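Peer 1: A single structure is presented below for examination.
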Amino acid sequence: MPNQTDVQLHNEPIIRMQSVSKFFGEFQALNGVSIDVKLGERVVVCGPSGSGKSTLIRCINQLEKHDEGTITIDGHTLGRKKQSLKVIHDNVGMVFQQFNLFPHLSVIENLTLGPTRSRGASKSDATKLAMQYLERVRIPEQAEKYPAQLSGGQQQRVAIARSLCMEPKIMLFDEPTSALDPEMINEVLDVMVELAESGMTMICVTHEMGFARRVADTMVFMDHGEIVEMTNTNKFFEAPDSERCQEFLQQILPH
Amino acid sequence: MTRLLLIVCMAALLSACSGEWGWYVVNPTTAKGMTNLKFLLSGLGYTILLSLTAIIISIVIGLLVALPGLSSNRLLKGFNRVYVELVRAVPILVMILWVYYGLPQLMGITITVFWAGVIALALSDSAFEAEIFRAGIQSIDKGQYEASHTVALGYTDTMRFIILPQAIKRILPALGNQLVYMLKMSSLVSVIGMQELTRKANELVVTEYRPLEIYTVLLLEYLVLILIVSAGVRWLERRLQTDQR
Ligand SMILES: Nc1ncnc2c1ncn2[C@@H]1O[C@H](COP(=O)(O)OP(=O)(O)OP(=O)(O)O)[C@@H](O)[C@H]1O
Ligand SMILES: [Mg+2]
């Protein structure tokens, strides 16, 4: 039986952000943001450009250090550097808008580097795991290629597989389809839908509202570094409380 | 290849243009000329060995100095700046004299001419290597560090497997230039008695009184050596460019 974590035992949220603020110099990018995410919950974050969406999820894996408030992941409050790093490394995966594959490594090397170096997995175990995830993102035949030889959609699927190889409990997505040509968006979204259906905890910054409607349990709307609206998906699309959110939805949803 | 031909032509022209030349000193068809020529070339091994050893050490030091320069820690950054500025300000000849005559006294050690030369050249060059590495590493996209973080790699692994392999490709041409520079600067080590190309030429001039011819040969020796190295660097560059990665 897999280890039950504190979180599962006590039914606490796997991610808890309390009054988190983040400053870039004078500029406040996050203003007292609080959010709880339960294990297996799918959260989609949207909002206008510069509203702090990226900053929010980047604080969760400490690509940005928050200045105020507390962030708790899997029962551990992020603080002292070393310990926080371990919690994040053990729990949180991330997929970027620009894929950020390692261009000098083949696809399979991109996938096995993390498990072999930081998990102490053997090369053959790591390769087996990697092939398994490449099957899941439907590009096992590209294993020996280099990122530059793949299309954008394929690269992003490799990036998803690379994160999954670390077997995280939480996956963060920062506009994973925004850098893609339109015809490639769906192949990436399909993979993400499958991942959501498999029960992965996900926080996803995206403007793909079709995808959001389909997979999200909770919708978050941000503006000016604040969470303006946070509600279940049906309510969000049918009757959001705030005016700003209504306006935003009108702008991005097809009429 | 065309360049080598050019050199031979130039040499022929030089020999033909005036009665002042006395090529007999290095004429390979005479026994004496052959001996002299061999004597001159006998410095080649040390010139190459000295330059290669020095460049390898300077690359290592350069990297060790560059890495703290990329840190956000002000103390580490300060160390990088002070090292680079100080070392860069010392003329190479002064560095050679200081290492050979000064360092043993300071540290109570004995040091061979070869190692004094290696240390002096490596130190002098390390400041430039450090700047090359720093610029090369800084040119790598921030996203690579972030991706590395998401697959749980620490600082050392990130540098070793992600950043440096990509940076090296970009700075190889610059490193090649430093090797050329090093080959030239190695001639200065002759002043402390290193038996390399320049020293050999100096010694032969003293016995043969034919500086024009002997130094011309010396000049050609460096020219050939450096053209070979540049060709090698360009070949490497081309290979890296066509590389899929
Ligand atoms: N490293 C940084 N230094 C300074 N300011 C920053 C930095 N990162 C983000 N910001 C600022 O913080 C604000 C929020 O940025 P963030 O990237 O979180 O927005 P976003 O909602 O993700 O926008 P987008 O939809 O354009 O990606 C922006 O105004 C941005 O200019
Ligand atoms: Mg963003």
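The values are calculated or read from the model by the stated rules, or taken from the named source; none is laboratory data. Note that the coordinates shown come from a computational prediction; the quantities given were computed from them, not determined experimentally. As a convention, Cβ positions derive from the backbone with ideal geometry for all residues, glycine included, and neighbour counts pool all protein chains shown. Ligands, DNA and RNA are excluded from the accessible area calculation, which covers all protein heavy atoms including side chains. Shrake-Rupley method; radii C 1.70, N 1.55, O 1.52, S 1.80 Å.
Peer 1: Largest first and to the nearest Å, give the Cα extent of region B:69-197 along each principal axis.
Peer 2: So the three principal-axis extents are 55, 31, 23 Å.
Peer 1: Something else: In terms of Cα to Cα distance under 16 Å, which aspartates and glutamates are near enough to A:Lys128, apart from those fewer than 8 places away along the same chain?
Peer 2: Here the aspartates and glutamates satisfying the reach criterion relative to A:Lys128 are A:Glu109, A:Glu141, A:Glu144, A:Glu167.
Peer 1: For the protein assembly as shown, build the charge dipole from Cβ charges (+1 Lys, Arg; -1 Asp, Glu) around the Cα centre, then report which of A:Gln97, A:Ala196, B:Leu6 sits farthest towards its positive end.
Peer 2: In the protein assembly as shown, that residue is B:Leu6.
Peer 1: What are the residues of region B:154-170 that lose 30 Å² or more of accessible area, with a 1.4 Å probe, going from their chain alone to all protein chains?
Peer 2: Going by heavy-atom accessible area, the residues of region B:154-170 that drop by at least 30 Å² are B:Asp157, B:Phe161, B:Ile162, B:Gln166.
Peer 1: Roughly what percent of Cα-Cα pairs across region B:17-133 reach past 26 Å?
Peer 2: Numbers: 2858 of 6786 pairs.
Counting pairs separated by more than 26 Å, the tail of P(r) holds 42 percent.
Peer 1: Placing +1 on the Cβ of each Lys and Arg and -1 on the Cβ of each Asp and Glu in region A:15-131, which of A:Ser51, A:Val33, A:Gly69 has its Cα farthest towards the positive end of the resulting dipole?
Peer 2: Of the listed residues, the answer is A:Gly69.
Peer 1: Could you tell me which chymotrypsin sites (Phe, Trp or Tyr not before Pro) in region B:170-245 are loop residues by DSSP with no more than 15 other beta carbons within 10 angstrom of their beta carbon? Don't skip to the answer; put the middle values down first.
Peer 2: Numbers: sites: B:Tyr181, B:Tyr209, B:Tyr215, B:Tyr222, B:Trp235; in loops: B:Tyr209.
Of the chymotrypsin sites (Phe, Trp or Tyr not before Pro), the ones in loops of region B:170-245 whose Cβ has at most 15 other Cβ atoms within 10 Å are B:Tyr209.
Peer 1: Mean residue ellipticity at 222 nm from the helices of chain A, using -39,500 (n - 2.57) per DSSP H segment of n ≥ 4 over the full residue count, to the nearest 500 deg cm²/dmol?
Peer 2: -12000 deg cm²/dmol
Peer 1: Return the tail of the calculated pair distribution for the protein assembly as shown, meaning the percent of Cα-Cα pairs more than 28 Å apart.
Peer 2: In whole percent, the long-distance tail amounts to 65.
Peer 1: Also, I was wondering about something else. Which FRET efficiency, nearest 0.05, do A:Phe27 and B:Leu70 yield, Cβ-Cβ r, R0 22 Å? If you can, show how the numbers build up before the last one.
Peer 2: Numbers: r = 25 Å, r/R0 = 1.13.
In this case the efficiency is close to 0.30.
Peer 1: Along each principal axis of its Cα atoms, how long is chain A end to end? Whole angstroms, biggest number first, please.
Peer 2: 53, 45, 40
Peer 1: For chain A, calculate the relative contact order in percent as a whole number, restricting contacts to Cα pairs under 8 Å that are 6 or more residues apart. Could you put the intermediate results ahead of the total?
Peer 2: On the way: 449 pairs, mean separation 63.7, N = 255.
For chain A, the relative contact order is 25 percent.
Peer 1: For helix A:182-197, report the angle its Cα long axis makes with the longest principal axis of the Cα atoms of chain A; keep it between 0 and 90° and round to the nearest 10°.
Peer 2: The answer is roughly 90 degrees.
Peer 1: Let me ask something additional. Counting only protein heavy atoms and rolling a 1.4 Å probe, how much accessible area do A and B lose on contact, total for both sides, in Å² to 100?
Peer 2: Values: alone 12660 and 14060 Å², together 24670 Å².
Heavy-atom accessible area buried at this interface is about 2000 Å².
Peer 1: Please sort by residue number the trypsin sites (Lys or Arg not before Pro) in region A:153-255 whose DSSP state is loop and whose Cβ has at most 13 other Cβ atoms within 10 Å. Please report the intermediate quantities before stating the final value.
Peer 2: Working: sites: A:Arg157, A:Arg162, A:Lys169, A:Arg213, A:Arg214, A:Lys235, A:Arg244; in loops: A:Lys169.
In loop regions of region A:153-255 (DSSP not H, G, I, E or B), there are no sparsely surrounded trypsin sites (Lys or Arg not before Pro).
Peer 1: Binning at 5 Å from 0, report for region A:190-244 what percent of all alpha-carbon pair distances ends up in each bin.
Peer 2: Cα pair-distance distribution for region A:190-244, in percent: 4, 18, 30, 24, 14, 8, 2.
Peer 1: So, one more: Net charge around A:Met184, counting only other residues with Cβ within less than 12 Å of its Cβ (Lys, Arg = +1; Asp, Glu = -1)?
Peer 2: Working: positive: A:Arg157; negative: A:Asp181, A:Glu183, A:Glu187, A:Asp190.
In short, -3.
Peer 1: Further question on the same structure: If you line up the long axis of helix B:113-138 against the longest principal axis of chain B, both from Cα atoms, how many degrees apart are they, to the nearest 10?
Peer 2: Compared with the principal axis, the helix lies near 40 degrees.
Peer 1: Hey, what angle do you get for helix B:211-242 against the long axis of chain B, alpha-carbon based, 0 to 90 degrees rounded to 10?
Peer 2: For B:211-242 against chain B, the angle is about 30 degrees.
Peer 1: Next question, about the same structure. For labels at B:Trp98 and A:Glu238 in the simple 7 Å Cα→Cβ model, what's the distance in nm?
Peer 2: 7.9
Peer 1: Which FRET efficiency value, to the nearest 0.05, do you get for A:Val193 and B:Lys142 by plugging their Cβ-Cβ distance into 1/(1 + (r/R0)^6) with R0 = 30 Å?
Peer 2: The value I calculate is 0.50.
Peer 1: Which whole-number percent gives the relative contact order of region B:43-183, counting Cα pairs below 8 Å spaced six or more residues apart? List each step's numbers first, then the result.
Peer 2: On the way: 134 pairs, mean separation 47.8, N = 141.
Over region B:43-183, the number comes to 34 percent.
Peer 1: Same structure again: Using the Cα centre of chain B as origin and beta-carbon charges of +1 (Lys, Arg) and -1 (Asp, Glu), tell me which of B:Leu121, B:Pro211, B:Gly102 is placed farthest towards the positive end of the dipole.
Peer 2: It is B:Leu121.
Peer 1: Can you tell which of A:Phe27, A:Phe237, A:Phe96 shows the greatest fluctuation in a Gaussian network model of chain A with Cα springs below 10 Å?
Peer 2: Ranking A:Phe27, A:Phe237, A:Phe96 by mean-square fluctuation puts A:Phe27 first.
Peer 1: Suppose we take every Cα in region A:96-144 and form the convex hull; what volume per residue is that in Å³?
Peer 2: Numbers: hull volume 4.2 nm³, N = 49.
Per-residue hull volume (Cα only) is 85 Å³.
Peer 1: A follow-up question, please. Just tell me which lysines come within less than 24 Å, Cα to Cα, of B:Lys142; anything on the same chain fewer than 8 places away is out.
Peer 2: Straight-line reach from B:Lys142, under 24 Å: A:Lys22, A:Lys53, A:Lys65, A:Lys81, A:Lys82, A:Lys86, A:Lys145, B:Lys77, B:Lys169.
Peer 1: Right, something else. I want to verify the translational diffusion coefficient of chain B in µm²/s; compute it with Stokes-Einstein, Rh as the Kirkwood radius over Cα pairs, at 20 °C and 1.002 mPa s. Mind dumping the intermediate values first?
Peer 2: Details: Rh = 20.6 Å.
Here the translational diffusion coefficient equals 104 µm²/s.
Peer 1: Taking the solvent-accessible surface of protein heavy atoms with a 1.4 Å probe, what is the per residue accessible area of the protein assembly as shown in Å²?
Peer 2: Values: 24670 Å² over 500 residues.
Accessible surface, normalised per residue, equals 49 Å².
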